[in-house]
Amino acid sequence: MQAVAGPGGIGVLDLQGGVQEHLDHLRRVGVSARPVKRTAELDGLVGLIIPGGESTCLSRLLTIFGLDVAIRQAYDHGLKLWGTCAGAILLARENIGETPFFGLIDIVVSRNAFGSQLDSFNREALAPAVAREPIPLTFIRAPKIVRTGEGVRVLLRLDDYIAAAEDDRILVTVFHPELTPSLAFHRYFARKCGLSVAGGDDAGLDPDWTPQSWMDFSYHV
Amino acid sequence: MAENRYLLNAQLAQMLKGGVIMDVVNVEQAQIAQEAGAVAVMALERVPADIRKQGGVARMSDPGLIKAIKAAVTIPVMAKARIGHFVEAQILQALKIDYIDESEVLTPADEECHIDKTRFEIPFVCGARNLGEALRRIAEGAAMIRTKGEAGTGNVVEAVRHMRTMNREIRQLAALPTEEIISFAKVNGIPYELALEVKKLGRLPVVNFAAGGIATPADAALMMQLGCDGVFVGSGIFKSSDPASRARAIVKATACFNDPEQLLEVSMDLGDPMPGLDVATMASEQRLAGRGW
């Protein structure tokens, strides 16, 4: 499936990782969306999702393609950003033991904070600012947000860490809403970008979503 | 394995899409791979080109080596177990690596049975030459598939053959009326329910990477244009004359696989690739892809 975005759409950084999963969720939310591989593809977007993947790989590719500078400029001109998992690591002001990349939101993250793949897990939790019902959450080799600075609101706190937070222009989640049937965080981000989307403030569970839904957007020969 | 654990394992593979997984034999190589932008490393004692040259029985690597590599990087670490050697897999699971490759590059421990991967919590990736082989591995619990290719040759021809075969068989299956699927499944040795799922999806139901003989940025982009979700590079990086540059170039080529201008730029001045082997003149016992079924 070809994703398209007119002016006012949301982009998904298309260098590596969970790109198609986010495009599929944005389609379900009803906002126009497109993959962003080149700097010119940022034009006209109101929001950009930096997906999960491997943060070292993403950081190298962002630099190679000049997208780091272009995204920073677009952010200065009002582009809203959402980082999931590796994306959150890249946006954090401090990354324990590593050099921060964008450093745009005042949070401290700890990479691979749960351990190996055997420690990846699902759970449900209530994030009242996002939805009035509990939302399914998927954590894959996830980081933890261990501290937030001034101007950053905590959206979801679990056990000894913060799982979701935001400031006025950036949303960060250490889990993967795009790997679950819940559209709640995608609706929330679309509204943060100033878009009007259908659906209330429920968990937004899409009965038509399956774990293979992303394949509609994968490259077919 | 619980259903949600299998899904989490398939989803980790989704997060590796568009990336390059590199074979490394020591901590220094693992750090070069991570620095170059690898999405994971495959920790092993000998790359396939050396296994091929030295002969003998190739087994799971020393867990001490794998542990040292795991400690040196933040990206996921994979390691190989022999086909059918479920105890090597148990040891790798106890070591808490991120993915096991049940691999034909090692000498098979069982010529009839692959590992029952449903009995493990840890994810497995398995090689396949065609649709039937891929779906049999998925039926056994593999959460990710790769082409077998012909490892350690620096020759992409077999990986291309395997990917084209899978694509052709998927297209054939997708065009069949439902009542003909069971006979297609029988002839090709395909589990019926998975055949139905492939017909519906028009592709494999899990992430599918290229592997076996990839040696240049152009090889990686070729496999991506043939529809692979990402790339494994075994001997191709650390058997070349300038591993760090080649590793960076293959990472970039995999990300911009359908942009010839960019591919031109990344293909220049990389030094010598690994020396290649002609698969066509190779004796059948020298071919690793024939291991497993």
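The values are calculated or read from the model by the stated rules, or taken from the named source; none is laboratory data. Predicted, not measured: the structure shown is a model, and the values here were computed from it. Cβ sites come from the backbone with ideal geometry, for glycine too, and all protein chains shown count toward neighbours.
Scanning segment B:187-217 for residues that are in a helix (DSSP H, G or I) and surrounded by fewer than 19 Cβ atoms within 10 Å (Cβ to Cβ) yields B:V187, B:N188, B:Y192, B:E193, B:L196, B:E197, B:K199, B:K200, B:L201.
Criterion applied to B:I170, B:I145 was being closer than 14 Å to B:I190 by Cα and of a type in the set (V, I, T), and the one residue passing it is B:I170. Condition check for B:S183 on (1) touching a helix residue (DSSP H, G or I) at 6+ places or on another chain (Cβ under 9 Å); (2) among the small types (G, A, S); (3) over 25 Å from B:S267 (Cα atoms): one failure, at (1). Once segment B:36-53 is narrowed to residues that are more than 14 Å from chain A (Cβ to nearest Cβ) and outside any helix (DSSP H, G or I), the residue that is surrounded by the most Cβ atoms within 10 Å (Cβ to Cβ) is B:M42. Name the pairs: first residue in segment B:183-197 and in contact (Cβ under 8 Å) with a residue 12 or more places away in the chain, second residue aromatic (F, W, Y), Cβ to Cβ under 8 Å, at least 6 apart or on different chains? Pairs that qualify, where the first residue is in contact (Cβ under 8 Å) with a residue 12 or more places away in the chain and the partner is aromatic (F, W, Y), are B:I190/B:F184; B:A195/B:F184. Kindly check whether there is at least one residue in segment A:70-87 that is touching a residue at least 12 places away in the same chain (Cβ under 8 Å), touching a Pro at 6+ places or on another chain (Cβ under 6 Å) and either surrounded by fewer than 24 Cβ atoms within 10 Å (Cβ to Cβ) or aliphatic (A, V, I, L, M) (or both). No: zero hits. The set of residues in segment A:97-114 that are over 14 Å from A:Y161 (Cα atoms) and at pLDDT 95 or above comprises A:P100, A:F101, A:F102, A:G103, A:L104, A:I105, A:D106.
Only a single item in (1) crowded, with 23+ Cβ neighbours inside 10 Å; (2) more than 14 Å from every other protein chain (Cβ to nearest Cβ); (3) over 24 Å from A:L61 (Cα atoms) is not met by B:A79, and it is number (2).
Within segment A:112-157, being among the acidic types (D, E) and within 16 Å of A:I170 (Cβ to Cβ) holds for one residue alone: A:E150. When the test is whether a residue is more than 8 Å from chain A (Cβ to nearest Cβ), out of contact with any His (no Cβ under 6 Å at 6 or more places or on another chain), buried (at least 18 other Cβ atoms within 10 Å of the Cβ) and of a type in the set (A, V, I, L, M), B:V27 does not pass it. On inspection, B:D229 qualifies as closer than 23 Å to B:Y99 by Cα and either modelled with pLDDT of 95 or more or surrounded by 18 or more Cβ atoms within 10 Å (Cβ to Cβ) (or both).
If B:D110 meets every condition in (1) among the acidic types (D, E); (2) part of a loop (DSSP other than H, G, I, E, B); (3) within 14 Å of chain A (Cβ to nearest Cβ) apart from one, which number is that one? Only one criterion is unmet by B:D110, namely (3). When B:A134, B:A71 are checked against the criterion of being assigned to a helix (DSSP H, G or I), of a type outside the set (D, E) and within 14 Å of chain A (Cβ to nearest Cβ), a single residue qualifies: B:A71.
Considering (1) away from chain B (no Cβ under 14 Å); (2) within 30 Å of B:P123 (Cβ to Cβ), the lone condition that A:P181 does not fulfil carries the number (1).
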